[in-house]
1. For the stretch 518-540, check the following and say yes or no: at least one residue is touching an Asp or Glu at 6+ places or on another chain (Cβ under 7 Å) and of a type in the set (A, V, I, L, M).
2. With the structure loaded, tell me whether S436 is of a type in the set (G, A, S) and surrounded by 16 or more Cβ atoms within 10 Å (Cβ to Cβ) or whether it fails that test.
3. Looking only at the stretch 101-111, which residues are within 16 Å of G76 (Cα to Cα) and surrounded by fewer than 20 Cβ atoms within 10 Å (Cβ to Cβ)?
4. Applying the selection to the stretch 567-621, what residues are of a type in the set (A, V, I, L, M), in a loop (DSSP other than H, G, I, E, B) and out of contact with any strand residue (DSSP E or B) (no Cβ under 9 Å at 6 or more places or on another chain)?
5. I'd like to verify a number: residues in the stretch 59-86 that are part of a strand (DSSP E or B) and among the hydrophobic types (A, V, I, L, M, F, W, C), how many?
6. Mind listing whichever residues of the stretch 288-301 are at pLDDT 80 or above and of a type in the set (D, E, K, R)?
7. Quick check: is even one residue across the stretch 11-19 in contact with a strand residue (DSSP E or B) (Cβ under 7 Å, 6 or more places away or on another chain), part of a helix (DSSP H, G or I), on the phi < 0 side of the Ramachandran plot and at pLDDT 75 or above?
8. Cβ-Cβ distance below 6 Å, separation of 6 or more or different chains: which pairs start in the stretch 590-612 with a residue that is surrounded by 13 or more Cβ atoms within 10 Å (Cβ to Cβ) and end on one that is among the polar types (S, T, N, Q)?
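The values are calculated or read from the model by the stated rules, or taken from the named source; none is laboratory data. Not measured: the values here are computed from a predicted model. Because the Cβ atoms are built from the backbone with ideal geometry, glycine has one as well, and the counts that use them run over all protein chains shown.
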Amino acid sequence: MSNVPAVSSLRPAELIEALLGLLAAPRQDDFHHRYSELVQQLCQADGVVLCQLSGADARPLARVGDAAAVDALSQGAMPALWAACQTEGYVHDTISRADGSPLVRLGVRLIAEQPTLLLLAFADKQKAHLKEALVRAMLVKDIRSAPAAGAGAASDTAASPEMLELLALASQVMQAPQFSQAALTLVNGLVRQLGLRQCALCWRRGDEAELVAISHIERFEKTSPLVHEFQKAAQEVLVVDRLVEVPAHAQSVNIDGVEDANLPPAHLALMQTLQAPAGLLGVPVRDRSGQTQAVVFCLPEREALAPKDINQLLLMLELVLPKLQASRQASLGWIRRWQAFMLPHLQRLLGPGQPWLKFWTAVGSLVLLILLLGRFPYSVEATAQLTTDSTRILTSQNDGRLLDVLVDMGDWVQEGQVLSRLDTIELRQQELEIRSEMQRFQAEEDKARAAGALADLQVSYFKREQSQARLKRVQYLLEQAEIKAPFEGVVVEGERRNLLGSSVRRGDKLFRVAKVENLYVVLQVPERDVRDVFNQAHGRLVLLSQPGKEIHFRIANFVPMAQVKGEEGNQFLVKAMIEDPVQDWWRPGMTGLAKVDVGSRNIGWILLHRVIDTLRLKFWL
């Protein structure tokens with residue numbers, strides 16, 4: 001039996017040491033069980049199943065953790081899970097416990113003498129921890145027997161203490177909520193872990209590179225000379241698509257282990273600016289498709305990085321790149337996200353060289369071709385109003401003050417309906433005085449008749465007749481004090497708020513009443529567009545009260561004199577006959593927007609004829 005202590009009592013650092021010791025020690029009977037316990041503790045999994053595959057059969061080597069989670073891990077065919085791991089080295093899906101609660105299953109293909117699969121179960125709420133657990137499991141996936149003395153180490157990057165420190169840094173980067181924080185955490189952590197003087201991260205944008213983070217600098221000017229030098233050096237790495245290492249005072253450059261006497265000028269300029277005492281290292285970071293997406297620059301403090309450190313750095317950067325890509329994509333605006341989505345498609349369709357220039361050139365050529373050759377129906381816009389000739393203007397028949405106004409503009413009225421009343425108190429007093437005079441003259445006439453005074457009888461009779469005429473006039477004025485509708489129609493002029501209580505004189509206009517019959521449209525066409533309108537042209541009218549319904553009309557005639565409409569300029573009145581049946585809700589005076597169809601025009605002319613006309617007027621072309 002091994003001397004490894006109980007897993008539950010181990011701290012994270014002790015867990016690492018225990019795993020290293022277990023992998024390096026000779027194999028014992030409980031190796032797989034102890035390995036599974038340590039991996040469960042390292043990855044903080046609910047359950048672990050370690051199984052070995054032989055054809056279609058899967059033999060469990062160890063089962064550790066919660067019994068329900070371990071049972072759920074065995075769901076499905078193990079060969080299918082193994083096949084899914086062949087491409088990426090891992091697979092994950094969602095399974096359920098016996099009680100129906102969900103679990104996330106993570107499968108990792110281990111490096112062993114026989115095909116071996118490591119299955120880990122996590123609660124559904126631990127999804128955010130899945131990437132970190134995958135990184136930890138990938139670092140201990142080599143479970144081959146330790147080589148004999150003198151045969152060499154199994155792996156320089158499998159689970160060394162330096163690699164575990166980089167693992168902790170990768171975990172911090174993955175937990176950063178935003179791309180800027182993740183990038184700054186990465187470069188600051190690499191400076192600390194690798195003993196660097198400075199570290200920077202550049203991100204690929206098409207064929208160029210953009211500096212996104214410099215160690216210990218939260219904000220920097222993107223137009224500064226140092227930023228430009230970093231970006232130029234990153235472009236050199238993108239061009240060669242290899243790791244570039246330039247030693248201090250070098251006569252040649254090391255590109256992926258191959259000496260090259262052609263020194264990269266941007267790297268040398270950057271080294272001179274930063275006064276790098278131990279050279280400069282440019283590390284490309286590739287995605288799953290093999291394309292370089294980022295470049296990390298490392299400036300060692302005293303001596304160049306060892307090959308082992310570079311290998312560990314490459315592994316850690318490969319692990320954190322998917323998280324950085326996702327954060328970068330989320331941090332971009334919708335235009336940049338669209339560009340990032342379109343770029344690979346354009347490169348595949350148009351070639352890798354200047355894809356956006358080719359794309360916009362093609363789009364511009366297509367637009368220009370459409371403008372020159374395409375035609376589109378053209379309409380002249382004008383304000384319009386429903387009008388009828390069956391109207392009557394109602395005026396005041398005498399002087400006075402409007403006591404009551406019973407209707408408002410837009411109201412429907414019946415024939416004989418009272419629209420307004422004048423104040424008649426003075427006329428009523430005159431009527432009483434006249435009736436009193438008539439009674440007095442009647443009494444004098446009776447007295448003269450009784451006395452036989454014919455002359456006095458005639459005088460009293462004529463005075464009474466004169467008062468009778470005055471009474472008829474006052475009664476006529478009383479009748480005219482009420483303004484009544486002459487026919488059934490709608491009030492198109494005359495607002496209650498303006499008329500109520502106002503003083504009027506005889507002949508002042510109070511109301512205009514119109515019949516809802518023989519309606520037609522009056523258009524006010526701007527002077528600049530009247531040249532395109534012709535007789536019998538068809539059009540459409542949309543009223544403000546019902547913008548969803550169109551009224552079709554046909555141009556009848558023009559009024560050959562322009563009317564000045566203030567800032568709107570000169571406008572011509574055009575009369576049009578309505579072709580649709582009259583609707584009950586139509587009212588004279590309703591306004592809206594009309595479009596007169598004047599045929600098809602060239603698309604370029606439609607878009608530019610206003611500008612062309614302005615230039616012709618200005619320069620007399």
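1. yes
2. Against the criterion (of a type in the set (G, A, S) and surrounded by 16 or more Cβ atoms within 10 Å (Cβ to Cβ)), S436 does not qualify.
3. The one that is within 16 Å of G76 (Cα to Cα) and surrounded by fewer than 20 Cβ atoms within 10 Å (Cβ to Cβ): P102.
4. Passing the criteria: V582, L621.
5. 3
6. Going residue by residue through the stretch 288-301, those that are at pLDDT 80 or above are 291-301.
Within the stretch 288-301, E301 is the sole residue that qualifies.
7. Filtering the stretch 11-19 down to residues in contact with a strand residue (DSSP E or B) (Cβ under 7 Å, 6 or more places away or on another chain) leaves none.
Checked against the condition, which is being in contact with a strand residue (DSSP E or B) (Cβ under 7 Å, 6 or more places away or on another chain), part of a helix (DSSP H, G or I), on the phi < 0 side of the Ramachandran plot and at pLDDT 75 or above, the stretch 11-19 yields no hits at all.
8. T591/Q385; K595/S379; D597/S379
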